[in-house]
Amino acid sequence: MLAANPAFHTYTPESSASAVAELAADISAACEGAPALMERRVVAALARAAAGPDLFTPAQRMPSADCYARHVVYGDPAGRFTILSLVWMPGQFSPPHAHQTWCAFAVCDNTLTETEYAFDRATMRAMPLRTVERRAGYCSFGHAGLDQVHRLGNAGVLPAVSLHIYGVESGRVGTHVNRKVDAA
C-alpha cells in the first residue's frame, strides 16, 4: 500500500483561481468593514493566502533578470486594491521608498531582507534604522506616508516570492504606489 505524501502537491489552474478568489473576497471584506479593523483583517488574509501552495500560477512566479518582477494577480473591479506577486532573484532590491497608499506584503517563498528607515523631515532623507530578515510566513501592513520607509530585496542565494496588496486600482500600480526617497 502507498502512503500519501503530504509534502507533494500538484498545482492546478483551478486551485490557483480558487485561492486568489478567496484572498480577494477577504480583502474586499476588510475594505468594506470597520476602518479600525482593516489592518488586522488584511494581515490575517495575507497569512492564510501565503501559507497555501496554490496562490500563484507558474507565470506569476517568473523572475526577471534585470529587476524584481511584478505580476498582477488580481485587480479589484471597484478599484480599491490590487494583488501582485513579486519575484526576487538574488541581489535584486527595491530602492528605499514610502507608499502613497496603504500596502501589505507577505513573504511566500524563501527569505527577503528589509531595511527600515526613519524619515528626517529636516533633511528630507531617510536614515537607516535596522535591517532584518523576513522569512516565509512574515506579513506586514503599512499606511500611506513617510512614517514607514523601507527597502526590500533578496540578499539570499535562492529566488524569493512575495505577495503584495496595494490600495490602488491595477492600472495605477506603477505610478501611485511607491514614493522613492533619498537615503543617507
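Any chance you could give the angle, 0 to 90 degrees and rounded to 10, that helix 13-32 forms with the longest Cα principal axis of the chain? Helix 13-32 and the main axis of the chain meet at about 40 degrees.
Please give the helix 35-51 orientation as an angle from the longest Cα principal axis of the chain, in degrees from 0 to 90, rounded to the nearest 10. Value to nearest ten degrees: 50.
In a reduced charge model with +1 at each Lys and Arg Cβ and -1 at each Asp and Glu Cβ, the chain shows a dipole moment near 360 debye about its Cα centre.
Relative contact order of the chain: 25 percent, from C-alpha pairs under 8 Å at least 6 residues apart in sequence.
For the range 67-82, the residues whose backbone nitrogen is under 15 Å from a point 7 Å from the Cα of His176, taken along Cα to Cβ, are 75-82. For the range 137-184 versus the range 54-114, the spacing of their alpha-carbon centroids is 8 Å.
For the chain, the mean residue ellipticity at 222 nm estimated from helices alone is -7000 deg cm²/dmol, where every DSSP H run of n ≥ 4 contributes -39500 (n - 2.57) and the total is divided by all residues, rounded to the nearest 500.
Residue by residue, the range 108-113 carries 3J(HN,Hα) couplings of 9, 10, 6, 10, 10, 10 Hz when phi is fed to the Karplus relation 6.51 cos²θ - 1.76 cosθ + 1.60 (θ = phi - 60°); x denotes Gly or Pro.
Every number here is computed from the coordinates shown, using simple stated rules; none is lab data. Everything numeric in this text was worked out from a predicted model, so none of it was measured. Counting neighbours? That spans all protein chains shown, and the Cβs are built from the backbone with ideal geometry, glycine included.
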